[in-house]
Each structure stands twice: as C-alpha cells, then as structure tokens.
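*Asks:* The structure that follows is given in the form of structure tokens.
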Amino acid sequence: MFDADAILRPWFDRLVEDLPGVTLFDAHTHVGQNDPDGFKQTPEELLEALAAVDAKALVFPMHEPDGYTPANDFVMDAVARSNGTLRALCRVQPKDPGCVDEARRCLDAGVNGIKLHPRAEQFTLSEPSVRELVRAAHEHKATVLIHAGRGIPALGEDTVRLSGEFPEARIILAHCAISDLSWLWRELPDHPNLYIDTAWWAPADVLATFALCPPSNVVWASDSPYGRPLIGATQTMRMAFQAGLTPDQLRGVMGGQIEQVLAGEPRLELGPPPGAPQKALDPLIERVVTHLTTVMGRAFVQADFSEPLALARLACAVGDDAPQAEVCSAVLELLDLFDEHLAPPEEGRPIPAAARLLVFALIVARTPDVPIPALPDLPHPTRAEAEAHEPKGGPGG
C-alpha cells in the first residue's frame, strides 16, 4: 500500500534536526464525508496523520451542500474527544439568512473562529453577512479563515478593509493568498491581525510568501486531507529555509504564532522577511523546475504529462561530477518512486495519490540550498538511462 508519509519521513526528520524545540500546529485541516469533490476524512484519520509529526491542528467541516449546523456540531464533538490535539472553526454559508446566528452559536459554544469558502459557497467578501461574521469574530477575539486560492476573484482589498475595521478578528487568508499576493505583502506590516497560511503546492508562490511577507504574518498549514501534515510540514520548512528564514522565525511559522493567535494573546514579533534572493537559480536546476511545473499543471487538468516528465528526467542527467548532481539524483529517486507507486486515482480525485511525490520532487528541485537527507547511494543516470523513460514517438513540431 502506498504510504507517502513513510517514504518522505527521512526528509522531515532531517529538517527537524535544524529546528530544535519546534512544535507543530497545523492551521488548516478538514473533516467530513459529503464534499462534492470526492475527498473525505474522519477525525480519526486526521488525528492519525497529525500524530505522525506530533502536531496539533485547527479543524473545520468540509463542504456540506445541505447545510453546516450538524457538521459544526460534529466538529465540536471531535474536538472535545481529541485530548487537546484539535481546535475548532465553524463553517457557514454567508448566503444563508441564519449564518450569523449559527456562527455566534458556535462561538458561544467555544469554537475558535469561522471558516469561509468563497469558491465552494459562491460568494464574495462584499456579501453583507461577511462583515457581520467578521464583527462576531472581532467580539470574540476569534479567527476567520478564508479560502484565497484558486477559483476565486481577488479578495484582498475587502480583507484589508475588514482587518482594519475589526482589529480583534484574526483573519487568515489560505493558500498563500495567491489571489492577491502580488500586492498584499506590502500591506501586511500595517495589519498585524492579517495572516497568510502556506497550504499550497507551487514553490514560486510559497517562496514569494516567505521572501516578502513578514514571518509574523505567516502560519503553516497542510490543507489535510488534500495535503498531508508530514509532507506539508516538510515542504514548508524546505521552502522557508531556501527563502532565508532563521530557525527562530520558522519555529514561529510552524506553530508558535498560531498558538498565540488562538489564545487571543499578542502575536510573536519575528522580525523582517529576508527579501528577494540575491542569487539566481542555477540554470540547469531551473530546467528541472520548469519541466516539473509543467507536469503538475497538466496533471491537475487530467491531461497527459508523460512528455514533460520525460523532459524533467533528461534535465536531471547532469553527470556524476556536476555540482547539481546531489539534487538531481534526489529528484530522480522521487520520480522513480512515483513510477513504482503509480495507480489510477481514487474515485472522485483528479490525480493519483502518488502525485504527492511529483510535487515533492518539484519542491526539492526548487530548494537546492537546503540539506538533503542521507539517501541510498544511487549511481547518477546517464543520458541514455534518462532517455529510457522518454515517451516513444517522433519529435514535436
């Protein structure tokens, strides 16, 4: 049975060696059985995934087309039975006339905040109820976690306005705030109650988040079950180190800051971001990154990605004595593991589970300055060996 956590465990352990005393708190996880996208997760499955890295987590319902009151009660019960591992957010549909009452009911019952999903629930932050939901969070010094990833228009201006109007609400924009990151990073120093979570796969976005956003405004998240806590933590730590965060800053990102946020305490002040990198990415490594990024783009739309995957393999054939050999060997090992464990996607899922190894190979390629764990002493492939994986057929036009 495919177990990505077991395969990537050495990578996690190697990074934790450089972060003594780190405690992990995942700011973005879900449970539920009825999401139309086909993903499911029980509280027991989430707790098992968190236990692999000894992490705590914020948890909230997955999409529930028939309404959220039973789902919110289910999450609160799961939190009560988690021995302190889980903290709850309720979820509401802002177009529902009773959404503010439902959020207040849950806040009064002790949940730590509210989850809003503009894509799944088909609303914008200009919806009148959103302001009242953020007001309720402000009155409870609670958190509002907002989907800010794919599939939505820009929402940053509304978020900045709300964070200024309701300073006691802790607003988290999920998925590296990719809808607005291009300008939002400049606003963060003036909005200490506005945060970005790292639940995203594309290294360009995550590296930009760490390079430009104050680390005090960034929190780690896995997006479980869409991501895995062990893999998400490993990816986030690699990219944070590549971007230039210090160990103290990264300890805050990985758990220290969200603990403060949920406790209603003053946030940790973690200093300035490292800024844009001064050293360009090695051009041979950049070829690997480019081809693997193309692989993932095609995989997400369920298109054939065999050709760019073969090109990524060829790009890794740099030779045993090349300075890029260690990184390229590690990438190729991950691609071999992907081939070994490739199976049709589970029902309702767009890509196979083994694609987690493709994402991780991309991130390893894009973080060449971060230590690699001890791996089997594999010979570096020759060009002929790499070509053996190339799809058969004539050259492209």
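The values are calculated or read from the model by the stated rules, or taken from the named source; none is laboratory data. Remember, it's a predicted structure, so these values are computed and weren't measured experimentally. Note that each Cβ is placed from the backbone with ideal geometry, even for glycine, and that neighbours are counted across all protein chains shown. For accessibility, only protein heavy atoms count, side chains too; no ligands or nucleic acids. Shrake-Rupley method; radii C 1.70, N 1.55, O 1.52, S 1.80 Å.
*Asks:* Taking the condition of being at pLDDT 80 or above, of a type in the set (A, V, I, L, M, F, W, C) and touching a Pro at 6+ places or on another chain (Cβ under 7 Å), how many residues in the range 341-358 meet it?
*Replies:* Qualifying residue count for the region: 2.
*Asks:* Quick test for you: out of Val134, Val160, pick the one residue that is of a type in the set (Val, Ile, Thr), over 23 Å from Leu86 (Cβ atoms) and open to solvent by 20 Å² or more (accessible area, probe 1.4 Å).
*Replies:* None of the other options fit; the residue is Val160.
*Asks:* Just to be sure before I move on: is Pro323 open to solvent by 20 Å² or more (accessible area, probe 1.4 Å), over 21 Å from Ile231 (Cα atoms) and at pLDDT below 95 in the structure I sent?
*Replies:* Judged against the criteria, Pro323 is not a match.
*Asks:* Name the one entry in Pro203, Pro192 that is touching a residue at least 40 places away in the same chain (Cβ under 8 Å) and open to solvent by 50 Å² or more (accessible area, probe 1.4 Å).
*Replies:* That would be Pro192, the only listed residue that is touching a residue at least 40 places away in the same chain (Cβ under 8 Å) and open to solvent by 50 Å² or more (accessible area, probe 1.4 Å).
*Asks:* A further question on this structure: Across the range 314-345, what is the total count of residues that are closer than 23 Å to Asp5 by Cβ and not in a helix (DSSP H, G or I)?
*Replies:* Number of matching residues: 4.
*Asks:* Collect the residues in the range 257-280 that are part of a loop (DSSP other than H, G, I, E, B), surrounded by fewer than 16 Cβ atoms within 10 Å (Cβ to Cβ) and not acidic (Asp, Glu), keeping them in residue-number order.
*Replies:* Initial filter on the range 257-280 (part of a loop (DSSP other than H, G, I, E, B)): 264-280.
Those still in the list that are surrounded by fewer than 16 Cβ atoms within 10 Å (Cβ to Cβ) too: 264-266, 269, 271-272, 275-280.
Scanning the range 257-280 gives Gly264, Pro266, Gly271, Pro272, Gly275, Ala276, Pro277, Gln278, Lys279, Ala280.
*Asks:* For the range 223-235, check the following and say yes or no: at least one residue is under 20 Å from Asp336 (Cβ atoms), open to solvent by less than 20 Å² (accessible area, probe 1.4 Å) and in a loop (DSSP other than H, G, I, E, B).
*Replies:* Scanning the range 223-235 turns up no residue that is under 20 Å from Asp336 (Cβ atoms), open to solvent by less than 20 Å² (accessible area, probe 1.4 Å) and in a loop (DSSP other than H, G, I, E, B).
*Asks:* I need the full set of residues from the range 108-131 which are in a strand (DSSP E or B) and closer than 19 Å to Ala80 by Cβ, in order please.
*Replies:* Within the range 108-131, Gly113, Ile114, Lys115 qualify.
*Asks:* Another question about this same structure. Answer yes or no as to whether Glu64 is open to solvent by less than 50 Å² (accessible area, probe 1.4 Å) and among the acidic types (Asp, Glu).
*Replies:* The answer is yes for Glu64.
*Asks:* Open to solvent by 50 Å² or more (accessible area, probe 1.4 Å), assigned to a loop (DSSP other than H, G, I, E, B), over 30 Å from Phe25 (Cα atoms) and modelled with pLDDT of 95 or more - does that describe any residue in the range 239-248?
*Replies:* Taking every residue of the range 239-248 in turn, none turns out to be open to solvent by 50 Å² or more (accessible area, probe 1.4 Å), assigned to a loop (DSSP other than H, G, I, E, B), over 30 Å from Phe25 (Cα atoms) and modelled with pLDDT of 95 or more.
*Asks:* Determine whether Pro379 is modelled with pLDDT under 95, open to solvent by 50 Å² or more (accessible area, probe 1.4 Å) and over 30 Å from the mean Cα position of the chain (by Cα). So that I can check it myself, show each step before the final result.
*Replies:* Details: modelled with pLDDT under 95: yes; open to solvent by 50 Å² or more (accessible area, probe 1.4 Å): yes; over 30 Å from the mean Cα position of the chain (by Cα): yes.
Taking the combined requirement at face value, the residue satisfies it.
*Asks:* Is it the case, given these coordinates, that Asp73 is free of Cβ contacts under 8 Å to residues at least 40 places away in the same chain, open to solvent by 60 Å² or more (accessible area, probe 1.4 Å) and among the acidic types (Asp, Glu)?
*Replies:* It is true that Asp73 is free of Cβ contacts under 8 Å to residues at least 40 places away in the same chain, open to solvent by 60 Å² or more (accessible area, probe 1.4 Å) and among the acidic types (Asp, Glu).
*Asks:* Does any residue in the range 215-241 that is within 13 Å of Arg366 (Cα to Cα) come within less than 8 Å, Cβ to Cβ, of a residue that is part of a helix (DSSP H, G or I) and polar (S, T, N, Q) six or more places away or on a different chain, and which pairs are these?
*Replies:* Once the first residue is within 13 Å of Arg366 (Cα to Cα) and sits in the range 215-241, its partners that are part of a helix (DSSP H, G or I) and polar (S, T, N, Q) give Ala240/Gln249.
*Asks:* Might you check whether a residue that is in a helix (DSSP H, G or I), out of contact with any helix residue (DSSP H, G or I) (no Cβ under 9 Å at 6 or more places or on another chain), at negative phi and at pLDDT 95 or above occurs anywhere in the range 88-99? Reasoning before the result, please.
*Replies:* Quick first cut of the range 88-99, residues in a helix (DSSP H, G or I) only: 99.
Cutting the leftovers down to out of contact with any helix residue (DSSP H, G or I) (no Cβ under 9 Å at 6 or more places or on another chain) gives us none.
Scanning the range 88-99, I find no residue that is in a helix (DSSP H, G or I), out of contact with any helix residue (DSSP H, G or I) (no Cβ under 9 Å at 6 or more places or on another chain), at negative phi and at pLDDT 95 or above, so the answer is no.
*Asks:* Residue under question is Glu286, and the condition is that it be farther than 23 Å from Gln324 by Cα and open to solvent by 60 Å² or more (accessible area, probe 1.4 Å); does it hold?
*Replies:* no
*Asks:* Yes or no: Leu311 out of contact with any strand residue (DSSP E or B) (no Cβ under 9 Å at 6 or more places or on another chain), part of a helix (DSSP H, G or I) and either open to solvent by less than 60 Å² (accessible area, probe 1.4 Å) or among the aliphatic types (A, V, I, L, M) (or both)? Explain how you work it out, then say what you get.
*Replies:* Numbers: out of contact with any strand residue (DSSP E or B) (no Cβ under 9 Å at 6 or more places or on another chain): yes; part of a helix (DSSP H, G or I): yes; either open to solvent by less than 60 Å² (accessible area, probe 1.4 Å) or among the aliphatic types (A, V, I, L, M) (or both): yes.
In short, yes.
*Asks:* Another question, then. Filter the range 1-59 down to the residues that are of a type in the set (Phe, Trp, Tyr) and part of a loop (DSSP other than H, G, I, E, B), then identify the one that is farthest from Phe338 (Cα to Cα).
*Replies:* Result: Phe39.
*Asks:* Of Arg186, Arg150, which residue is modelled with pLDDT under 95, part of a loop (DSSP other than H, G, I, E, B) and surrounded by fewer than 23 Cβ atoms within 10 Å (Cβ to Cβ)? Full working, then the answer.
*Replies:* On the way: Arg186 fails: modelled with pLDDT under 95.
Exactly one of Arg186, Arg150 is modelled with pLDDT under 95, part of a loop (DSSP other than H, G, I, E, B) and surrounded by fewer than 23 Cβ atoms within 10 Å (Cβ to Cβ), namely Arg150.
*Asks:* Quick one: in the range 208-222, which of the residues that are over 9 Å from the mean Cα position of the chain (by Cα) and part of a loop (DSSP other than H, G, I, E, B) is surrounded by the fewest Cβ atoms within 10 Å (Cβ to Cβ)? Reasoning before the result, please.
*Replies:* The first filter runs over the range 208-222 and keeps only residues over 9 Å from the mean Cα position of the chain (by Cα), leaving 208-219.
Next cut, part of a loop (DSSP other than H, G, I, E, B) only: 213-214.
Numbers: Cys213: 23, Pro214: 19.
For the range 208-222, the residue satisfying everything is Pro214.
*Asks:* For Ala361, work out the one condition from (1) open to solvent by less than 70 Å² (accessible area, probe 1.4 Å); (2) at pLDDT 60 or above; (3) in a loop (DSSP other than H, G, I, E, B) it doesn't fulfil.
*Replies:* Here Ala361 clears every test but (3).
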